[in-house]
Amino acid sequence: MSTFDIIRTAFTGLLAQQKALDVTGHNVANLATPGYHRQEAVLRATPPPMPSGGSTATVGTLVGTGVDVVTVQRMQDAYLEQQVRNIQGQNGRWETATKTLQQIETFLAPSSELNLATMLDRFFSAWQQLSVYPEEQGSRSLVQGEAANLTTTFNNLAKQLTDLSATMDASISARVTRLNQLADELAALNGNISGVLGAGGQANDLLDRRDAVLGEMATLAGITSLSANDDGLIINLDGRPLVQGSAASHLSYGMGASGWTMTWDDGAPVQIRNGEIAGLFQMRDTVIPDYLGQLDTIASALVSTINALHQTGTTMQGTPAGIFFDGNSAGSIAVHAAIAADARAVAATRVAGAAGDGRLAAELALVAAQPLIGNQTLGQAAASMLGQIGHAVRGATTAREASATLLTQLDNQIMATSGVNLDEEMMNLLVFQRAYDASARVLTVADEMVRTVIDRLGVR
Amino acid sequence: MRIANNMMTGNLASHLSRVSARIARLQVEVASGISLQKPSDDPDGALRAAMLRSGLARTAMYEKTVNYAEAWLKSEDTALDTLQRLVREARAVGIAAANPRSPEERETYARQLDQLIDGVKQAANSTDGVHYLFSGFQTLTTPFTGAPAGIGYAGDAGVKAIEISEGMSLTVNHAGDVVFNMGGAADAALPDLFATLATMSARTRAGDSDGLQQSLAELDQHATRLVSVRAETGTRLQQVELASAHLAQTDLVLQDLLGSVESTDLTEAIVHLKEQQNVYQAASYVASSLMNGGLLYWLK
């Protein structure tokens, strides 16, 4: 072992500590970077030089040759991160469901006092009023006005829900575009990562970026399975690879024969079962049509019952009365043109010329109490929609809170492995700095040793 | 467990935002006095509130109806009272005229009777302000017209029944044909009230004492019928008052129930609000002191 070996050993110390300090600096710099995984310089003592064919017996006691940074490790809990992606999908799904349901709730109950049930009450109260004051044109105008309010309420609700459904299409479309971009980015990252790894390099920060992309994809579409080997990651969506190594497939969302549909770019159908996109599909295909259907049921029961009765009456002028409502759904219901034009066309009686006879109006007012939809009255059916949307919003909110809480917990557990702790980094900073100083000191000592040999023992 | 700095700040931020959300929510509850802002606040409560509100709307509707019925019945009662008084006067005049009188006296009595006919006609054409009380469904048509000798009925036999509470229908009017026996609607053997009075007047002028006795007997029958008609009106008025009291009671009960479903319990809400504000302050303090200290601060 030569004196110069000490210099070499000290030099490896300097290099290794410097590298370790670099890593610490990188960690501190990324303290607040989302998705950053803490990195750690893995130090290993380098073994003594072993002469070929030699043994401890022949070469004597061997001392190691210093230190080396074997690798810069990325601290990651792969299992937890896999799990978190699943939850991200659920969370994304409940998030969109909650937002949409809350919108529907606002439509159905703009305030606690203003809703379809109230409008129905007012409509039937107007008929009752007419049954008491059949002589007054004012009573007829009241019926006419409340009928217009009621039909407007129906029309608005139908339009709001239909518009919301169209918004779902736009949102899905935007998310599909984003998903395709992410698939491309992921494929590119896969390529880069395998290139870097193939050249023996460290791809830690590329891996961070890839995890972030995966997280976003999970939130969007709930990626169901993925086989993680570092350079050839395969992302499966609905049982088919979306990204395979550096090759990405695309999804397309467009107007097909049966409305807006989602397919692979080769035309094969795809069904997304989790994530925001699944939530949007559920709203568009199940939830919104359900509420629209209930509104239509109420509207058509109202139209047919009121029309059938009204047609048996006579108008204020003594002519046979026509229908009261046009249309047969929440979207199309309207006050019949003749009645909208002239309140006198509202019939309160079946007897021509009986000004004080409000018996038909009384019968019409009693429609409010008839069980027209199952065993529910129209008003009860409208009110039970409020209960239904209330429960739906509650359920979705609870599910979203649960998934968000779970997500936070998992994130915390992941952070326990991957997060940066400043105290720890400060300690490392201290240790590596001292080690660096000490290595420099060893170098000085070695230098002095060499000088001793040269100055004192040297040939003069 | 290893703690990362991001964990601490992230958790703290999420707690702070949760507490802020609760504070905002409680502030709205206290400010508006309504704890049931959206159906999702209490889905079953929202359903109940909608039903209760519907019940309140119906109560308000029936209250209007009841007021209308009450006004109508009171008007009718007043008109019937007047009629009874007029018939009594006519009877007194008839009895006086039945004694032997001079032609001048008979003429005076006859004139009195003619005036009474006019009075009866006026009372028979009474309104509740706008609508004729005794014209059946023809409430806008003056029911009794014509000269005292030949007053005809222009109304119909319409019986006006209105709902004064859930499933309870009440007849409010008496059609004029029954009240005045027009066309023998109440008693086919009896001439109508106006004809009876007109005949009485003619018999007075003619000094037909026997005839007057018969007229007086007819008048008695009319008086008896008016009594029973008025008694019926009285009964209806009682029913209406009962219904009105019942509605007021129902209204109170429903208001109370609605209040318990959707109103804010102020004491509770304010206590909660105070609590949450304290939590918020504490959390803010923790946040402000979180980044002080640590090795970074002490290692120089």
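Away from every other protein chain (no Cβ under 12 Å) and either out of contact with any Ser or Thr (no Cβ under 7 Å at 6 or more places or on another chain) or open to solvent by less than 10 Å² (accessible area, probe 1.4 Å) (or both): does that describe A:Ser329? Walk me through it before giving the result.
Working: away from every other protein chain (no Cβ under 12 Å): yes; either out of contact with any Ser or Thr (no Cβ under 7 Å at 6 or more places or on another chain) or open to solvent by less than 10 Å² (accessible area, probe 1.4 Å) (or both): no.
So A:Ser329 does not fit the description; no.
Looking at (1) under 30 Å from B:Asp128 (Cα atoms); (2) more than 7 Å from every other protein chain (Cβ to nearest Cβ); (3) in contact (Cβ under 8 Å) with a residue 24 or more places away in the chain; (4) more than 43 Å from the chain's Cα centre (by Cα), which is the one condition that is false for A:Ala368?
Of the numbered conditions (1) under 30 Å from B:Asp128 (Cα atoms); (2) more than 7 Å from every other protein chain (Cβ to nearest Cβ); (3) in contact (Cβ under 8 Å) with a residue 24 or more places away in the chain; (4) more than 43 Å from the chain's Cα centre (by Cα), the odd one out for A:Ala368 is (4).
Out of the residues in segment A:1-10 that are surrounded by fewer than 16 Cβ atoms within 10 Å (Cβ to Cβ) and either in a helix (DSSP H, G or I) or at pLDDT 90 or above (or both), state the one that is farthest from the chain's Cα centre (by Cα).
So, considering only residues that are surrounded by fewer than 16 Cβ atoms within 10 Å (Cβ to Cβ) and either in a helix (DSSP H, G or I) or at pLDDT 90 or above (or both), the one farthest from the chain's Cα centre (by Cα) is A:Thr3.
Identify all residues within segment A:27-47 that are in contact (Cβ under 8 Å) with a residue 40 or more places away in the chain and more than 15 Å from A:Ala212 (Cβ to Cβ); write none if there are none.
Residues satisfying the conditions are A:Asn27, A:Val28, A:Leu31, A:Arg38, A:Gln39.
Based on what the data block shows, is B:Thr108 open to solvent by 20 Å² or more (accessible area, probe 1.4 Å), in contact with a strand residue (DSSP E or B) (Cβ under 7 Å, 6 or more places away or on another chain) and without any contact (Cβ under 8 Å) to a residue 12 or more places away in the chain? Give the steps one after another, and end with the answer.
Details: open to solvent by 20 Å² or more (accessible area, probe 1.4 Å): yes; in contact with a strand residue (DSSP E or B) (Cβ under 7 Å, 6 or more places away or on another chain): no; without any contact (Cβ under 8 Å) to a residue 12 or more places away in the chain: yes.
Spelling it out, it is not the case that B:Thr108 is open to solvent by 20 Å² or more (accessible area, probe 1.4 Å), in contact with a strand residue (DSSP E or B) (Cβ under 7 Å, 6 or more places away or on another chain) and without any contact (Cβ under 8 Å) to a residue 12 or more places away in the chain.
Kindly evaluate B:Val66 against the criterion of being away from chain A (no Cβ under 12 Å) and either in contact (Cβ under 8 Å) with a residue 60 or more places away in the chain or crowded, with 17+ Cβ neighbours inside 10 Å (or both). Step through it out loud before you land on a result.
Working: away from chain A (no Cβ under 12 Å): no; either in contact (Cβ under 8 Å) with a residue 60 or more places away in the chain or crowded, with 17+ Cβ neighbours inside 10 Å (or both): yes.
So B:Val66 fails the test.
Does A:Leu237 qualify as being modelled with pLDDT of 90 or more and either under 24 Å from A:Asn91 (Cα atoms) or open to solvent by less than 10 Å² (accessible area, probe 1.4 Å) (or both)?
Details: modelled with pLDDT of 90 or more: no; either under 24 Å from A:Asn91 (Cα atoms) or open to solvent by less than 10 Å² (accessible area, probe 1.4 Å) (or both): yes.
When the stated conditions are applied, A:Leu237 does not pass them.
Based on what the data block shows, is B:Gly176 within 10 Å of another protein chain (Cβ to nearest Cβ) and surrounded by 14 or more Cβ atoms within 10 Å (Cβ to Cβ)? Spell out the reasoning first.
Details: within 10 Å of another protein chain (Cβ to nearest Cβ): no; surrounded by 14 or more Cβ atoms within 10 Å (Cβ to Cβ): yes.
So B:Gly176 fails the test.
Going by the structure shown, is A:Asp211 assigned to a helix (DSSP H, G or I), over 30 Å from A:Thr297 (Cβ atoms) and among the acidic types (Asp, Glu)?
Working: assigned to a helix (DSSP H, G or I): yes; over 30 Å from A:Thr297 (Cβ atoms): yes; among the acidic types (Asp, Glu): yes.
It is true that A:Asp211 is assigned to a helix (DSSP H, G or I), over 30 Å from A:Thr297 (Cβ atoms) and among the acidic types (Asp, Glu).
Which members of segment A:85-100 meet the condition of being of a type in the set (A, V, I, L, M, F, W, C) and open to solvent by 10 Å² or more (accessible area, probe 1.4 Å)? Let's see the steps before the verdict.
The initial filter retains those residues of segment A:85-100 that are of a type in the set (A, V, I, L, M, F, W, C), namely A:87, A:94, A:97.
Across segment A:85-100, the qualifying residues are A:Ile87, A:Trp94.
Show the residue pairs meeting these rules: Cβ distance below 9 Å; 6+ apart or different chains; first residue within segment B:151-164 and within 10 Å of another protein chain (Cβ to nearest Cβ); second residue assigned to a strand (DSSP E or B) and surrounded by 20 or more Cβ atoms within 10 Å (Cβ to Cβ).
B:Gly155/B:Tyr132; B:Gly155/B:Phe144
The values are calculated or read from the model by the stated rules, or taken from the named source; none is laboratory data. Since this is a predicted model, take the numbers as computed values, not measurements. Glycine gets a Cβ as well: all are built from the backbone with ideal geometry, and neighbour counts include every protein chain shown. We work out accessible area using only protein heavy atoms, side chains counted, and drop any ligands, DNA or RNA first. Shrake-Rupley method; radii C 1.70, N 1.55, O 1.52, S 1.80 Å.
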